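Data first, discussion second: the structure below is written as structure tokens.
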Amino acid sequence: MHDETVLITGGTGGIGRQTARGLADLGKHVVLVGRDPERAARAAGQLRHESGTDRVDALTADVSRQSDLRRLTDQVTDRYGKLDALINNAGSTKVQRELTEDRVETVFATNVVAPFLLTHLLLPALRAAPRPRVVNITGGVPRGHINVENLQGQRSYAGLSFYNQTKLALMAMSITLAGRLGTNGVAVNVAYPGHASTAMNKGLPISTYPLAARPIVPLLKLLSPLVLGNRAAVRASRSSIRLVSDPGLDGITGVYIDRKARPARWPEAVLDAGTRRAVWQECERVTNRSW
């Protein structure tokens with residue numbers, strides 16, 4: 001276990017940071033990925049101090065940019081050679097539709113395309129490990145509908161509702177990914193962390209929320225840190241930590257773990273084969289990469 005290296009995107013704060021702390025405490029070599037170099041270095045330094053280990057590193061990448069994902073892959077391969085686990089934890093939500101430099105809607109690029117592409121790029125490093133695991137972190141509310149005609153918000157776009165759809169699309173993509181990689185020994189599973197008071201949540205303007213919820217948003221923002229607090233982020237990290245570290249899950253792939261770190265039924269929205277195929281094909285199209 002002390003020789004295992006785990007890469008965590010979005011690992012500098014919130015649930016990602018608590019996941020990194022838990023894995024560092026278990027003796028893993030943890031590599032945090034953040035967008036801001038100073039914040040990433042600071043987070044790594046704090047984790048080294050808290051966990052009493054020097055086996056915490058920091059790398060910088062904006063996972064919504066495909067060029068950054070390729071650069072990150074090169075750095076991981078050059079520095080570590082093998083990768084025992086990849087946790088695609090980074091998430092994003094926006095008030096209005098924006099496009100990345102790759103001409104992909106930003107939230108879809110971060111929440112769905114980045115796990116798709118980064119996993120593909122890191123496959124050689126993952127396959128060099130004895131029991132490689134990929135964990136995709138979902139979020140929002142694990143129910144709803146995936147509109148395959150609006151995967152990038154090109155027809156309608158509503159803040160948190162669209163965020164929720166991208167997290168369902170991530171789950172749909174993950175099922176297909178698990179099926180494709182399972183025969184090669186790379187386990188792909190999904191963790192639902194539940195809710196926590198994170199920097200992303202705190203920074204959301206009221207206009208991001210559905211109209212019906214907006215009158216109570218100020219109260220929710222006031223109470224959320226008090227009700228949830230840091231303990232919620234710790235609890236929310238349990239699912240992904242288990243998927244990475246539990247020996248009982250060796251060889252298990254295509255599993256959805258709920259906020260209590262228990263296997264659960266996949267949401268109805270991701271069970272339709274046509275929907276999963278549409279999400280997968282969109283990921284292939286925007287990355288110009290076929291599996």
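The values are calculated or read from the model by the stated rules, or taken from the named source; none is laboratory data. All of these numbers come straight from a predicted model, not from anything done at the bench. Here Cβ is always computed from backbone atoms with ideal geometry, including for glycine, and neighbour counts include all displayed protein chains. These accessible areas exclude ligands, DNA and RNA; they are computed on the full protein's heavy atoms, side chains included. Shrake-Rupley method; radii C 1.70, N 1.55, O 1.52, S 1.80 Å.
Quick notes on this one:
- Amide H contacts of Asp57 (H built 1.01 Å from N, under 5 Å, at least 5 apart or other chain): Val30, Val31, Leu32
- Protein accessible area in the stretch 5-287, 1.4 Å probe - carbon and sulfur %: 51
- The chain - percent relative contact order, Cα under 8 Å, separation 6 or more: 19
- Straight-distance candidates among the aspartates and glutamates for linking to Lys82, with alpha-carbon spacing under 17 Å and chain neighbours fewer than 8 residues away dropped: Asp3, Glu4, Asp57, Asp74.
- Amide H to amide H distances under 5 Å link Gly185 with no residue, where only residues 5 or more positions off or on other chains count and H is placed in the peptide plane.
- Note on Glu98 and Thr53: their simple-model spin labels are 3.5 nm apart, each label 7 Å out from Cα toward Cβ.
- Per residue accessible area of the chain, 1.4 Å probe, in Å²: 44
- Helix runs (DSSP H) in the chain reaching 20 Å along axis by Cα, Kyte-Doolittle at least 0.5: 159-181
- Comparing Tyr157, Tyr192, Tyr256 in a Gaussian network model of the chain (Cα springs below 10 Å), the most mobile by mean-square fluctuation is Tyr157.
- Residue with peak Gaussian network fluctuation, the chain [Cα springs, cutoff 10 Å], from Leu271, Leu168, Leu47: Leu271
- Simple point charges give the picture: +1 on the Cβ of Lys and Arg, -1 on the Cβ of Asp and Glu, and for the chain a dipole about the Cα centre of about 600 debye.
- Set of aspartates and glutamates with alpha-carbon distance to Lys94 below 19 Å, sequence-local pairs under 8 removed: Asp36, Asp62, Asp102, Glu105
- These residues, Arg79, Arg127, go from largest to smallest accessible area, 1.4 Å probe, as Arg79, Arg127.
- Part-to-part distance (alpha-carbon centres) for the stretch 138-174 and the stretch 38-87, which is given in Å: 28
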